[in-house]
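One structure below.
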Amino acid sequence: MSSNPSTATDILSRELEFKPAPQTRRLRGVIFVILSNLAVIIALGTLVILVLDVLISGLPWLNLDFLTRADSRFPERAGIQVALVGTVYMMALTIVIALPLGVMSAVYLEEYAGKHWTTQLIEININNLAAVPSVIYGLLGLQLFVRWLGMGRSILAGALTMALLVLPIIIVASREAIRAVPQSFREASLALGATRWQTIWNHVLPYALPGILTGNILAASRAIGETAPLITIGALTFVPFLPRDILDRFTVLPILIFNWTSKPQREFHDIAAAGIIVLLGTLLVLNAIAVLLRAKLQKRY
Amino acid sequence: MTRLDAQIRYATVAASAETQAVHTPAGDAANVIEARDLSVFYGSFCAVRSVTLPVRRNKITALIGPSGCGKSTLLRSFNRMNDRVPGSRVEGSVLFHGQNLYAPNVNVVDVRRRIGMVFQKPNPFPKSIYENVAFGPRINGWRGSKSQMDELVEAALRRAALWDEVKDKLKQPGTALSGGQQQRLCIARAIAVQPEVILMDEPCSALDPIATLKIEDLMQVLKQDYTIVIVTHNMQQAARVSDYTAMMMMRPDRAGEMIEMDETGIIFSRPRDKRTQDYVSGRFG
């Protein structure tokens, strides 16, 4: 490097020799494209095969009777009604419990808590909680809700356990949505004499709503497929009666499917496939709602 | 006028001499806001040091100076917006009608209603034009009827010289307006809560020259009813719109200080400080 630019003897003043792109350079690009395509095909291919397999064995069994019949020891008389109702009950209850808790925690962490080492500790722990295996939540629920609080093997105990499980997901998603609300809105609101709470209620939460809802729906679809914590707290595998209230014993779709697949009769495996179709359909609908909500509400600022 | 001048000079001299306290009479009717030996800290960093600055009623006071000299920090300490920054604290006092805004019993929410703010980037809420203006009165507990609120919204938009442009689209989102219109909407929003003072933090730096001129004209009208403090990087703007100008500089320890304050005409024609002269004549900054 020359220290004096006027003498013009630095490297850029000499002619550099550029070699035209050799074949290998082009080939590397092509190979990469092929590899990434292959990766996509493998991922999607397995999914397609899985879904096709499930559809082929399950579809013939899928009809209205299947949806409205209780479980039975005979596959041709078994239905998913009880499990479906249990799933709906539990999902609704889980969200009712976890949504306010999660959103309020997120509001506290984002809007009120300062940047102390305690908040940092809370933050790290929430992220850790999101990675804890779901069986651990089941054990916690078994001890805390089923035994100590005496709720028994009820829908309420299951929903509370599920709420704990999805809480970190809801908190993280809500915090991100709240953080994405531009500071300028908060400042504009505060500068008009709004209190912190008025600012949060009138501006932060409404603008963060699409993100919060999306996070909640994703949390719900995570909870809908969870089996392990519910088996741990003792949700039953064979329940022939509809739950009367939230303190009644219950079962949910994944448990029913699990139960059916572990039976020796072939027909049970086929109706398990039919149950999987229903479960997948529900998940698909939930995710579609999440995508739609995001697209519809998020163009506001 | 001579009495006011004498007072400003007094304050200025006191500030440059870095005395501990300046004893202008408390509750002076002409001073709406008065910073007294005010220092603002972010953690251990001192952003503004020992500023003493009177803000005159129904006048426009401009804060000028190079980037990073603490103009915005000083402005934001006038309605305690700096409270939002973690680790910020002040020493000295900001008197509002003689009452220290940083006294422990002061209600910050009330301070901000009476001392409004317009920001650098127009920031209307993603709501309708009407709702943007009506929000302030509503959250401050004004219980007007629907027709009274209509009247208030119209009056605020008229004072902000925006009514004629938006009267047929009050239900449309405020964010759909042009930049200059958005900024006037923000001014309408600010005056709808009947502040006494409007703080403007580079209100025109995101606007084109024509929109800028409209805001400047508007400021001349607004000062009949309000006291205005404006931070600007634009020398011509300070010279055009303001009655008083305070010149700020960064000290070697990066803290901002006020080096001179006077009538705008004097600051721009025969300032006492060489640095002010260099700055306003465009020799640096």
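The values are calculated or read from the model by the stated rules, or taken from the named source; none is laboratory data. Values in this document were obtained by computation on a predicted structure and should not be read as measured data. Cβ sites come from the backbone with ideal geometry, for glycine too, and all protein chains shown count toward neighbours. Ligands, DNA and RNA are stripped out before the accessible areas are found, and what is left, the full protein with its side chains, is counted by its heavy atoms. Shrake-Rupley method; radii C 1.70, N 1.55, O 1.52, S 1.80 Å.
State in Å² the accessible area per residue of the range A:1-109; use a 1.4 Å probe, count heavy atoms of protein chains only, and round to the nearest integer.
Numbers: 8120 Å² over 109 residues.
Per residue, the range A:1-109 has an accessible area of 74 Å².
How many percent of all Cα-Cα pairs in the range B:224-282 sit more than 18 Å apart? Percent of Cα pairs beyond 18 Å in the range B:224-282: 32.
For the chain pair A and B, the buried solvent-accessible surface (1.4 Å probe, both sides summed) amounts to about 1800 Å².
What size of dipole, in debye to the nearest 20, comes out for the protein assembly as shown about its Cα centre when the only charges are +1 on Lys and Arg C-beta atoms and -1 on Asp and Glu C-beta atoms? Spell out each step's value before the answer.
Values: 61 positive and 47 negative charges, 46 e Å.
Dipole magnitude for the protein assembly as shown comes out near 220 debye.
Accessible surface for chain B, divided over its residues, is 42 Å² per residue with a 1.4 Å probe.
Rounded to the nearest 10 degrees, the inclination of helix B:209-222 to the longest alpha-carbon principal axis of chain B is 80 degrees.
Placing unit charges on the Cβ atoms of the charged side chains and taking the dipole of the protein assembly as shown about its Cα centre, the candidate lying farthest along the positive direction among B:205, B:111, A:195 is A:195.
In the protein assembly as shown, what percentage of the DSSP-assigned beta bridges are antiparallel, given to the nearest 5? Of all bridge pairs located within the protein assembly as shown, approximately 60 percent are antiparallel.
Each Cα pair under 8 Å and six or more residues apart adds its sequence gap; the mean of these over the residue count of the range A:64-300 is a relative contact order of 28 percent. For the range B:40-93, the dipole from Cβ point charges (+1 on Lys and Arg, -1 on Asp and Glu) about the Cα centre works out to 240 debye, to the nearest 20.
For the range A:145-191, just say rounded, prolate or oblate: build the C-alpha gyration tensor, square-root its eigenvalues into a ≥ b ≥ c, call rounded for a/c under 1.5, and beyond that prolate if a/b exceeds b/c, oblate if not.
Numbers: a/c = 6.17, a/b = 3.53, b/c = 1.75.
Here the range A:145-191 falls in the prolate category.
For the range A:168-193, a reduction of at least 30 Å² in accessible area between the chain on its own and the assembled protein chains (probe 1.4 Å) is found at A:185, A:187, A:188, A:190, A:191, A:192, A:193.
Can you compute the charge dipole magnitude of chain A about its Cα centre, using +1 on each Lys and Arg Cβ and -1 on each Asp and Glu Cβ, nothing else charged? Give it in debye, rounded to the nearest 20. Write down the numbers at each step before the final one.
On the way: 24 positive and 17 negative charges, 40 e Å.
Computed about the Cα centre, the dipole is about 200 debye.
Of all stretches in chain A that contain no GluC sites (Glu not before Pro) in a DSSP loop with at most 11 other Cβ atoms within 10 Å, the longest one is A:18-301.
Kindly provide the trypsin sites (Lys or Arg not before Pro) of the range A:84-187 that DSSP labels as loop, not H, G, I, E or B, and whose Cβ sees at most 12 other Cβ atoms within 10 Å.
Working: sites: A:115, A:147, A:153, A:175, A:179, A:186; in loops: A:115, A:153.
Sparse-neighbourhood loop trypsin sites (Lys or Arg not before Pro): A:115.
The figure for residue A:35 is an accessible area of roughly 100 square angstrom, using a 1.4 Å probe on the protein chains alone. Classification of the range A:12-104 by its C-alpha gyration tensor yields an oblate form. The axis ratio a/c (a ≥ b ≥ c) is 1.5 or more, and b/c is at least a/b. Each of A:241, A:18, B:125 has its accessible area taken with a 1.4 Å probe; listed largest first, they run A:18, A:241, B:125.
Which residue, chosen from A:124, A:297, A:242, occupies the Cα position most advanced towards the positive end of the dipole of the range A:64-300, where the dipole is computed from +1 (Lys, Arg) and -1 (Asp, Glu) charges on Cβ about the Cα centre? With unit charges placed on the Cβ atoms, the residue in question is A:297. Structure shown: which of B:121/B:274; B:167/B:214; B:121/B:167 lie over 27 Å apart, alpha-carbon to alpha-carbon? Cα-Cα > 27 Å for B:121/B:274; rest within.
The apolar share of the surface of the protein assembly as shown, taken as the fraction of accessible area on carbon and sulfur atoms (1.4 Å probe, ligands and nucleic acids excluded), comes to 61 percent.
Loop-located trypsin sites (Lys or Arg not before Pro) in the range B:141-212 (DSSP state not H, G, I, E or B) with no more than 16 neighbouring Cβ atoms inside 10 Å: B:143, B:167, B:169, B:171. With the cut-off at 1.5 for a/c, could you classify the range B:75-166 from its C-alpha gyration tensor as rounded, prolate or oblate? Prolate, because a/c is 1.5 or more and a/b exceeds b/c. The chymotrypsin sites (Phe, Trp or Tyr not before Pro) of the range B:243-285 that DSSP puts in a loop, and whose beta carbon has at most 16 other beta carbons within 10 Å, are B:284.
Going through the DSSP H helices of chain A, which span 18 Å or more along their own axis at the Cα atoms while scoring at least 1.6 as a mean Kyte-Doolittle hydropathy?
Numbers: long enough: A:23-58 (51 Å, 1.69); A:81-107 (38 Å, 1.96); A:117-131 (22 Å, 0.33); A:155-179 (34 Å, 1.79); A:205-225 (30 Å, 0.99); A:266-297 (47 Å, 1.45).
Long hydrophobic helices here: A:23-58, A:81-107, A:155-179.
Using C-alpha pairs below 8 Å separated by at least 6 residues, the relative contact order for the range A:83-188 is 46 percent. Under Stokes-Einstein, with the Kirkwood radius over Cα pairs as Rh, the value for the protein assembly as shown at 20 °C and 1.002 mPa s is 73 µm²/s. One equal scatterer on each Cα of chain B, no solvent, Debye formula: the resulting log10 I(q)/I(0) at q = 0.08, 0.10 Å⁻¹ is -0.33, -0.52. For the range B:113-154, a decrease in accessible area of 30 Å² or greater in the assembled protein chains relative to the isolated chain, with a 1.4 Å probe, applies to B:119, B:123, B:125, B:126, B:127, B:135, B:139. Relative contact order of chain B, taken over Cα pairs closer than 8 Å and 6 or more residues apart, is 26 percent. Give the Debye-formula value of log10 I(q)/I(0) at each listed q (0.08, 0.10, 0.15 Å⁻¹), with one equal scatterer per alpha carbon of chain A, two decimals each. Evaluating at q = 0.08, 0.10, 0.15 Å⁻¹ gives log10 I(q)/I(0) of -0.54, -0.73, -1.17.
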